[in-house]
């Protein structure tokens, strides 16, 4: 099998936080998928000023030593490299939409979902509307803009419509707390969702991967919550700041999260709903969804997270490992789907 030239698309055109987040996951991927017999990795690193760099590694020193160039020069460089496919590692909205669309324009295939689907799922209210139309249960909610007044009686969840990693999310228990919660949420987006709080039974994530065109269920990941002390997940459960000021992964020690026993009755029920979500949204290659399980055992859709860095610490990677799919096999499955679907698209 010939060596594949894979371009890791890293960084952020939005802000330093997303730039650091992207670099964190991409570094983990590069370290975890080293296989010189299969891959020849290259790195494109974008900064919030929208300049490009092509460093030999993602170390701060190599990034600093690499000359920044504008988009026009970056396109010339990329098209001369004979890239086989791109692995997007950008989590900001421009990275998930505009930069993926650029590679559609350049006719270079990439792993993961298309810009239009990423744009829809980056907007939580639109995502909820689509999966609800497919018969999936979603919490009752309303979309607010500055100056709007919530009509949902607390308890309720306030969340920015387009932020990730629980940024700006608040559980409001009294109507008097709405103003402060809305102010916090509007710091992250121009629109805010207010939705009815689903009493805690459990909270899980479900991943789907595609193999040979068929949807494959992955085991669920469950999160440690408590109806009194910790009824929702927050930003600190997902990311942490290290002593040197950089981003780091929150502890993955099977105490805050764990893989659910496949024989648990909730597994099959959630997997069936996740497949509905995947198909309703038009996903490809893989998908990932969060669900709240109420005390009666019914799953409620919370949101979609349609990205995977193929880093060992990525959620889909952890789920796949639990059923005996190592990271390099998982990546190769996605590569085969990407190149296979690209050939079909070119033939049509």
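Given the options 333, 96, 118, state which has the largest fluctuation in a GNM of the chain using a 10 Å cut-off (strictly under) for Cα springs.
Answer for the Gaussian network model of the chain: 333.
To the nearest 10 degrees, how steep is helix 16-32 against the longest Cα principal axis of the chain, on a 0 to 90 scale?
Tilt relative to the chain: about 60 degrees.
Using a ≥ b ≥ c from the Cα gyration tensor of the range 86-207 (square roots of the eigenvalues), is it rounded, prolate or oblate, where a/c under 1.5 gives rounded and otherwise the larger of a/b and b/c decides, a/b for prolate?
Values: a/c = 2.47, a/b = 1.84, b/c = 1.34.
Prolate is the answer for the range 86-207, as a/c is 1.5 or above and a/b outweighs b/c.
Could you list 100, 284, 5, 36 in order of exposure, starting from the residue whose Cβ has the fewest other Cβ atoms within 10 Å? Write out the running numbers ahead of the final one.
On the way: 100 23, 284 18, 5 14, 36 8.
So the residues, fewest neighbours to most, are 36, 5, 284, 100.
Decide, for the range 4-111, between rounded, prolate and oblate: order the square roots of the alpha carbon gyration tensor eigenvalues as a ≥ b ≥ c, take rounded if a/c falls under 1.5, and otherwise choose prolate if a/b is larger than b/c, else oblate. Don't jump to the answer; show the numbers that get you there.
On the way: a/c = 1.30, a/b = 1.07, b/c = 1.22.
Because its axes are fairly even, with a/c under 1.5, the range 4-111 counts as rounded.
Defining a contact as two alpha carbons under 8 Å apart and six or more residues distant in sequence, what relative contact order in percent does the range 1-150 show?
Relative contact order, the range 1-150: 24 percent.
Would you look at the GNM of the chain, springs on alpha carbons closer than 10 Å, and say which of 53, 38, 205 moves the most?
Largest GNM mean-square fluctuation: 38.
I'd like the distance separating the alpha-carbon centroids of the range 278-320 and the range 123-172, in whole Å.
About 18 Å separates the Cα centre of the range 278-320 from the one of the range 123-172.
Picking from 324, 135, 32, which is most flexible by a Gaussian network model of the chain using Cα springs under 10 Å?
Of 324, 135, 32, the most mobile in the Gaussian network model is 324.
Using only helices, what value at 222 nm comes out for the chain when you add -39,500 (n - 2.57) per DSSP H run of length 4 or more and divide by the total residues, to the nearest 500 deg cm²/dmol?
Working: 11 runs with 116 residues, N = 348.
Using -39500 (n - 2.57) per qualifying helix, the result is -10000 deg cm²/dmol.
If you count the DSSP beta bridges with both ends in the chain, what percent of them are antiparallel, to the nearest 5?
On the way: 42 of 55 bridges.
Beta bridges within the chain, antiparallel portion: roughly 75 percent.
Between the range 1-66 and the range 94-119, how far is it from one alpha carbon centroid to the other, in angstrom?
17 Å
Readers should treat all values here as calculations from the given coordinates under stated rules, not as data from a laboratory. For clarity, every value in this text was computed on a predicted model and none was experimentally measured. When we count neighbours, we look across all protein chains shown, and the Cβ atoms used for this are built from the backbone with ideal geometry, even at glycine.
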